[in-house]
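Taking it in order: structure first as structure tokens, then the write-up.
Nothing in this text is a laboratory measurement; each read-out follows from the coordinates by a stated rule. Keep in mind the model is a prediction, meaning the values are calculated, not measured. Cβ atoms come from the backbone with ideal geometry, glycine included; neighbour counts cover every protein chain shown.
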Amino acid sequence: DSGVTQTPKHLITATGQRVTLRCSPRSGDLSVYWYQQSLDQGLQFLIQYYNGEERAKGNILERFSAQQFPDLHSELNLSSLELGDSALYFCASSHPIQGQDEKLFFGSGTQLSVL
Amino acid sequence: ELKVEQNPLFLSMQEGKNYTIYCNYSTTSDRLYWYRQDPGKSLESLFVLLSNGAVKQEGRLMASLDTKARLSTLHITAAVHDLSATYFCAVGDNDMRFGAGTRLTVKP
């Protein structure tokens, strides 16, 4: 168990709908990352937050948004869903300390199926 | 944009054999990560390589980093079935980018 909690584990919805994925980082971790994993695209970095502030942005669509709350949990909002958004969405956390490694601890993921 | 390339993408090995997975990346970076993913599971950190020439070993796996060549290797020694998984290398800081993964199958 990595200590990163993601809910829900599975989500089935229809095209055009909106969903929210939730992530609770490891205790004490300030950074939260979101990744999308699919067979054709592999692991794609979406966005990173550090202590409530957006730190880096990757291949995140405009239909997607995220935020990190004061208690450090994060939510990824996906709207106007398309079939191609079906994927496994991972959240990861880390606690960067100057001079030390910043390996990511991954949650178990949310499997999103858009029908 | 940072690109991370792994090869091979698929690797089928006999138990007891040795093999190397390669990870090339396109921009300067002093840190490289290796992760393992079992089917249907999440990713687990294996190694963090923080400087040129860094070498780390855990059991039958050994990872090394050559920042000048922008190359990391993951060497598998005397493979066993339990090593069957997908192995990813990743490079970057805030926007860590992953390679496509190497799906390793170890056969008896």
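Modelled spin labels at B:LEU2 and A:SER38, positioned 7 Å past Cα toward Cβ, are 2.3 nm from each other. For segment A:40-115, the spherically averaged projection of the C-alpha convex hull amounts to 5.9 nm². Counts of other chain beta carbons within 10 angstrom of each beta carbon in peptide B:90-101 average 6. Go ahead and run the numbers for FRET between B:THR105 and A:ASN59, Cβ-Cβ distance against an R0 of 30 Å, rounding to 0.05. My answer for the efficiency is 0.55. Out of every Cα-Cα pair that chain B contains, those further apart than 23 angstrom amount to 21 percent. Taking every residue in B:40-49 and counting other chain Cβ atoms within 10 Å of its Cβ, the average works out to 5.
A Förster radius of 35 Å combined with the Cβ-Cβ distance from B:SER12 to A:THR15 puts the calculated FRET efficiency at roughly 0.35. Using C-alpha pairs under 8 Å with a sequence gap of at least 6, the mean separation divided by the residue count of chain B gives a relative contact order of 37 percent.
Of the GluC sites (Glu not before Pro) found in segment B:1-42, the ones in coil according to DSSP and having at most 13 other Cβ atoms within 10 Å of their Cβ are B:GLU1, B:GLU15. Dividing the mean sequence gap of close Cα pairs (under 8 Å, 6+ apart) by how many residues chain A holds gives a relative contact order of 37 percent.
A cut-off of 5 Å between modelled amide H atoms, ignoring neighbours fewer than 5 places along the same chain, links B:ARG31 with B:GLY92. Working note: Karplus 6.51/-1.76/1.60 with θ = phi - 60° gives segment B:82-98 the couplings 5, 7, 4, 4, 9, 10, 10, 9, 9, 9, x, 10, 5, 10, 4, 10, 9 Hz, where Gly and Pro are set to x.
Each residue of segment A:102-113 is assigned a 3J(HN,Hα), and the resulting list reads 10, 5, 8, 10, 9, x, 7, x, 10, 8, 9, 10 Hz, derived from the Karplus form 6.51 cos²θ - 1.76 cosθ + 1.60 (θ = phi - 60°), x at Gly and Pro. For B:ALA54, the residues 5 or more places off, or on other chains, whose built amide H falls under 5 Å of its own are B:LEU65.
For the protein assembly as shown, would you read off the P(r) tail past 32 Å as a percentage of all alpha carbon pairs?
Across the protein assembly as shown, Cα pairs with separations above 32 Å total 18 percent.
Normalised by the number of residues in segment B:8-62, the mean separation of alpha-carbon contacts (under 8 Å, six or more apart) gives a relative contact order of 23 percent. In sequence order, segment B:49-58 has phi-based couplings of 10, 10, 8, 4, x, 5, 9, 9, 9, 9 Hz under the Karplus curve 6.51 cos²θ - 1.76 cosθ + 1.60, θ = phi - 60°, and Gly or Pro positions carry x. Ordering B:THR77, A:THR15, A:THR110 from the fewest to the most neighbouring beta carbons within 10 Å gives A:THR15, B:THR77, A:THR110. Amide hydrogen proximity for A:GLY109: with H placed 1.01 Å from N in the peptide plane, the residues at 5 or more positions away or on another chain lying under 5 Å are A:GLN6, A:CYS91. Inter-chain neighbour count for A:51-59: the average number of beta-carbon atoms from partner chains within 10 Å of each residue's beta-carbon is 2.
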